[in-house]
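Just below is one structure, and these are the notes that go with it.
Read-outs throughout are calculated quantities, based only on the coordinates presented, and are distinct from any laboratory measurement. The structure presented is a predicted model; accordingly, all values stated were derived computationally and were not measured. Neighbour counts run over all protein chains shown; Cβ positions are idealised from the backbone, glycine included.
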Amino acid sequence: MIENKYAPAAGLFLLSEPFMPDPNFKRTVVLLCEHIEDGGTVGFILNKTLEIKVSDALVDFDEIQNDLFYGGPVAEDTLHYLHCYGDLIEDSLHIVDDVYWGGNFEQLTNLLKAGTLDANKIKFFLGYSGWSEGQLDAELKENSWIVAPAKGSYVFGIQENALWKNVLHDLGGEYSQLINYPENPILN
């Protein structure tokens, strides 16, 4: 497998290696939102929808017909969101480019209901992807993940089913060859 050029950090992507057997992470792109060197890591899967709309899962969100995303297998009963409105939503954390994580949920709700925000610039997630201290480092040593630079345009601008391949293609070289690997190496 190819050696990582980047160390994990908030604002970077984790791409699952082409043959990852874990169904939670098969061909996924995770945006890392928090990485503490002697602690844990938190991120959200950007390219895995739950096949339900935000309006189906949240009371009083009838106007949001966007897909609800599967953030990861940790705390699947919690709601998280990424958005492009850091200057409008208090307490949101800047992640990369114009992408922010969380913030004042009541303020977000009021701005959405008032029509001030474009719902297409917000992604809602059930659950998150998390690693305890040392866990992600161990998985990186096993070549389970590829660490890549993140771009805000990837978070909101690329179709989910093309995201994994697009990021690998942009990494170029040996990484772009991984695009054509089958999901099951036996089929190679």
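Adding -39500 (n - 2.57) for every DSSP H run of four residues or longer, then dividing by how many residues the chain holds, sets the calculated 222 nm ellipticity at -6000 deg cm²/dmol. Taking a ≥ b ≥ c as the square roots of the eigenvalues of the Cα gyration tensor, an a/c ratio of 1.5 or more together with a/b no larger than b/c marks region 46-89 as oblate. Pairs from the list K121/K141; K26/K53; K5/K26; K26/K113; K113/K165 with a Cα-Cα gap above 31 Å: K121/K141; K26/K113; K113/K165.
Please sort by residue number the GluC sites (Glu not before Pro) in region 106-188 whose DSSP state is loop and whose Cβ has at most 16 other Cβ atoms within 10 Å. Before the final figure, lay out the partial values.
Values: sites: E106, E133, E139, E142, E160, E174, E183; in loops: E133, E142, E183.
Those that pass, being in a loop and sparsely packed, are E133, E142, E183.
Restricting the count to DSSP beta bridges whose residues both fall in region 12-187, what percent are antiparallel, rounded to a multiple of 5? Please report the intermediate quantities before stating the final value.
Working: 29 of 31 bridges.
Among the beta bridges of region 12-187, antiparallel pairing accounts for roughly 95 percent.
Against the main long axis of the alpha-carbon atoms of the chain, helix 160-171 sits at an angle near 50°.
Centre-to-centre, using Cα atoms only, region 115-175 and region 1-52 are separated by 6 Å. Applying the criteria of a DSSP loop state and at most 15 other Cβ atoms within 10 Å to the chymotrypsin sites (Phe, Trp or Tyr not before Pro) of region 1-36 yields Y6.
Tell me, what is the FRET efficiency for S55 and E133 to the nearest 0.05, using R0 = 35 angstrom and their Cβ-Cβ distance as r? So, using R0 = 35 Å, E works out to roughly 0.40. Applying both filters, DSSP loop and at most 15 other Cβ atoms within 10 Å, to the GluC sites (Glu not before Pro) of region 7-102 gives E37, E63, E90. Charge dipole (Cα centre; +1 on Lys/Arg Cβ, -1 on Asp/Glu Cβ; no other charges) of region 1-132 amounts to roughly 420 debye.
Classify region 12-187 from the C-alpha gyration tensor, please: rounded if a/c falls under 1.5, else prolate or oblate depending on whether a/b exceeds b/c. Prolate, since a/c reaches 1.5 and a/b exceeds b/c.
Between the residues W101, G43, Q65, the greatest Cα displacement towards the positive end of the dipole of the chain, with unit charges on the Cβ of Lys, Arg, Asp and Glu, is found for Q65.
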